[in-house]
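The values are calculated or read from the model by the stated rules, or taken from the named source; none is laboratory data. On a predicted model such as this, the values are computed, not experimentally measured, just so you know. Note that each Cβ is placed from the backbone with ideal geometry, even for glycine, and that neighbours are counted across all protein chains shown.
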Amino acid sequence: MANGNGKITLSFTPAQYRRLLNMVYLGNMVMGAADNYKEDAYNEVESVVFSKVKAIGREKYAEYIEEYGGFLPTKDFEDCGILKVLENYDDEAFWSELVRRLALIDVSKFADVKNPDIMYSAIIQRTEQYEDFFEENDLTKIKVEGMPPMDESIETFRSMLVGELEADDDLFDEDDGEE
C-alpha cells in the first residue's frame, strides 16, 4: 500500500524478511549478469532491504558504508550459506545450458526434419542422452577439436584444497514459529 510520501510499505514476519534478504541478495547477483543491468538502481533496492536487519536482530548482516552511501550485506551474511546457494545455482545452470546447447548443435547438424514436433522430440531425446553421459562421466571424456595441447613448459600446477562452505542454519531460519 502506498503511503503519503509515495513509498510502498510491506509487512513481513521475521522469517519472511530473512527469506527476502536471501532473495534480494541472490537476485542482485544474478541481475549483474544481464546486459542491461542497472547496477545503481538494484544496489539501491538491496541497500534499502538490508537497512532494516536490526528489526529482526540481525545487525551483523548489513553495514552502512559511507563511501557507498548505503547498506551492504556483510561477510557474516554471506557466511550463512548464501554463497553455497549461488554456487549450486551456477552449477545447475552450467550443466543445463551445456546439455541444451550440445543437443541443439547435434540435432541441427543431423536432423533434417521439417516437423517441429519431431524436432522437439529429437532435442529432448538428445538432451537426455547428454544428461546421462555427463552424469556418468562429468567433463572427463570431453575433448575440444582444434584446441592445441597445453604448453609443456608449464612445470607445476598448484591447487588449493577448498573446504565446503558450511551453511549456517540461519540461511533458512524459521525461528519465529511460522509454518
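Screening the candidates THR127, THR74 for the property of being surrounded by 13 or more Cβ atoms within 10 Å (Cβ to Cβ), closer than 30 Å to VAL48 by Cβ and at pLDDT 95 or above yields one hit, THR74.
Criterion applied to GLU67, GLU97 was being modelled with pLDDT of 95 or more, of a type outside the set (A, V, I, L, M, F, W, C), within 28 Å of ASN22 (Cα to Cα) and exposed (fewer than 15 other Cβ atoms within 10 Å of the Cβ), and the one residue passing it is GLU97.
For the stretch 33-69, filtering for residues that are touching an Asp or Glu at 6+ places or on another chain (Cβ under 7 Å) and without any contact (Cβ under 8 Å) to a residue 40 or more places away in the chain leaves 2. Listed residues ASP91, ASP112, ASP106; which is closer than 23 Å to THR127 by Cβ, crowded, with 16+ Cβ neighbours inside 10 Å and of a type outside the set (A, V, I, L, M)? Answer to the selection: ASP106. Apart from one condition, GLU92 fits all of (1) in a helix (DSSP H, G or I); (2) closer than 24 Å to GLU39 by Cβ; the exception is (2). For the stretch 46-77, a residue qualifies if it is outside any helix (DSSP H, G or I), among the β-branched types (Val, Ile, Thr) and under 21 Å from the mean Cα position of the chain (by Cα), and exactly one does: THR74. Part of a strand (DSSP E or B) and farther than 30 Å from GLU131 by Cα - does that describe any residue in the stretch 8-15? Checked the stretch 8-15: at least one residue is part of a strand (DSSP E or B) and farther than 30 Å from GLU131 by Cα.
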